[in-house]
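For reference, the structure is listed below as structure tokens.
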Amino acid sequence: MTALVALESTVISHGLPRPTNLETARACERAVRDAGAEPRTIAIADGRVVVGADAALLERLANEDGVAKVSLRDIAPILASGGLGATTVAATVAMAAGAGIAVMATGGIGGVHRGAERSWDVSADLGAIAAHPVCVVCSGAKLVLDLPKTLEALETLGVPVVGFGTDELPAFYVRSSGLPLAHRVDDAAAAARIARAQLSRGRGLVIAVPAPEEHAMSRADAERAAERALAEAERAGVRGAAVTPYLLRALGERSDGRALTANVALLVRNAAVAAAVAAEMRPG
Ligand code: PSU
Ligand code: MN
């Protein structure tokens, strides 16, 4: 049987601007196929969980207004509503696990937000990865987050964060955060060995892949853009589920499109790495 790779859909509906979102969703699916696996983009439509959106559903997720952002707490209400929902990493790992899919790809996971000591804003992604046997291939966590606290939270939850060709946590658009990782691999076969061992414990892990060198941003540039985006969000009083989409949009606007180019490049690369890991994980 062909190896499967789950892809999240919040990045399509809420993480990227049109028309880049649909082009990127298709490019990620293509990257998975080119690496010898089958993509399964996950979403909610017409009252059911969809594991493997077709071309028409990808278009709806990219172009319809008012698509719900579905994290764990939203799965049941959006199923019941019969509406269209784009799944976050948290909801995607839950649904992938339910469908027996071992690997998913995304850009960056959610995590502990800056100022979390006041807001208590910690993404459900962290607990979901700990609780479901899915290997999440990503470029670390978004730069707008508090990365040291995110890494601490993952450690507390027992989630291995394995650098893929790196000793440091990637920071999304930036190849390195300066935060050392406890574990490293240098190829898909080694990543698959760790993933198999962790998934057999019924729990998930993060394979952290740095953004492609030619499109990555410097830490100083990205940090400046992130600080401006955060200040804007604070002034606008953005809270809750709206915070991440708002920050990503503001970052894009504050970086002359470089954040967007980096975001697309890393999403496609991560999809390809996920496919390679999934192929290595097949038994036999
Ligand atoms: N990374 C991106 N774009 C995104 C997200 C992450 O490059 O749109 C989404 C993912 O779906 C992730 C979610 O699971 O943001 C986290 O949202 P929150 O912080 O509200 O849990
Ligand atoms: Mn949140």
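Check THR24, THR2 and return the single one that is in contact (Cβ under 8 Å) with a residue 24 or more places away in the chain and closer than 19 Å to PRO245 by Cβ. Before you say what the answer is, go through the steps one by one.
Working: THR2 fails: closer than 19 Å to PRO245 by Cβ.
Exactly one of THR24, THR2 is in contact (Cβ under 8 Å) with a residue 24 or more places away in the chain and closer than 19 Å to PRO245 by Cβ, namely THR24.
Going by the structure shown, is GLU152 more than 29 Å from GLN198 (Cα to Cα) and open to solvent by 40 Å² or more (accessible area, probe 1.4 Å)? It is false that GLU152 is more than 29 Å from GLN198 (Cα to Cα) and open to solvent by 40 Å² or more (accessible area, probe 1.4 Å). Reported count of residues in the range 168-193, each being touching a Ser or Thr at 6+ places or on another chain (Cβ under 9 Å) and of a type in the set (D, E, K, R), is 3.
Taking ARG73, is it within 20 Å of the chain's Cα centre (by Cα) and at pLDDT below 95?
Values: within 20 Å of the chain's Cα centre (by Cα): yes; at pLDDT below 95: no.
Spelling it out, it is not the case that ARG73 is within 20 Å of the chain's Cα centre (by Cα) and at pLDDT below 95.
A single entry from ALA130, ALA171, ALA124 fulfils the requirement of being under 15 Å from the mean Cα position of the chain (by Cα), more than 16 Å from ligand 2 (Cβ to nearest atom) and surrounded by fewer than 24 Cβ atoms within 10 Å (Cβ to Cβ): ALA130.
Looking across the range 215-246, just one residue is within 16 Å of ligand 1 (Cβ to nearest atom) and among the polar types (S, T, N, Q), and that is THR244. Among the residues of this structure, ALA124 counts as one that is at pLDDT 95 or above, within 14 Å of ligand 1 (Cβ to nearest atom), hydrophobic (A, V, I, L, M, F, W, C) and under 21 Å from GLY15 (Cβ atoms). May I ask you to say which residue of THR166, THR106 is more than 29 Å from TYR246 (Cα to Cα) and among the polar types (S, T, N, Q)? Unique residue meeting the criteria: THR166.
Would you be able to say whether some residue in the range 197-209 is open to solvent by 10 Å² or more (accessible area, probe 1.4 Å) and farther than 22 Å from ALA124 by Cβ?
Going through the range 197-209, the residues open to solvent by 10 Å² or more (accessible area, probe 1.4 Å) turn out to be 197-203.
From what's left, farther than 22 Å from ALA124 by Cβ: 197, 200.
Yes - at least one qualifying residue is present in the range 197-209.
Only strands (runs of 3 or more DSSP E) wholly contained in the range 1-80 count here; list those with 3 or more residues that are open to solvent by 30 Å² or more (accessible area, probe 1.4 Å).
Numbers: elements: 4-7, 38-45, 48-51, 68-70.
Ranges flagged: 48-51.
Residues of the range 75-121 that are more than 10 Å from ligand 1 (Cβ to nearest atom), touching a residue at least 40 places away in the same chain (Cβ under 8 Å) and charged (D, E, K, R): ARG114 alone.
Considering the range 254-284 alone, what residues qualify as being among the acidic types (Asp, Glu) and either without any contact (Cβ under 8 Å) to a residue 24 or more places away in the chain or surrounded by 24 or more Cβ atoms within 10 Å (Cβ to Cβ) (or both)? Let's see the steps before the verdict.
Of all residues in the range 254-284, those among the acidic types (Asp, Glu) come to 256, 280.
ASP256, the sole residue that qualifies.
The values are calculated or read from the model by the stated rules, or taken from the named source; none is laboratory data. Being a predicted model, the structure only gives us computed values, none of them experimental. As a convention, Cβ positions derive from the backbone with ideal geometry for all residues, glycine included, and neighbour counts pool all protein chains shown. Note: accessible area is taken over every heavy atom of the protein model, side chains too, but ligands, DNA and RNA are not part of it. Shrake-Rupley method; radii C 1.70, N 1.55, O 1.52, S 1.80 Å.
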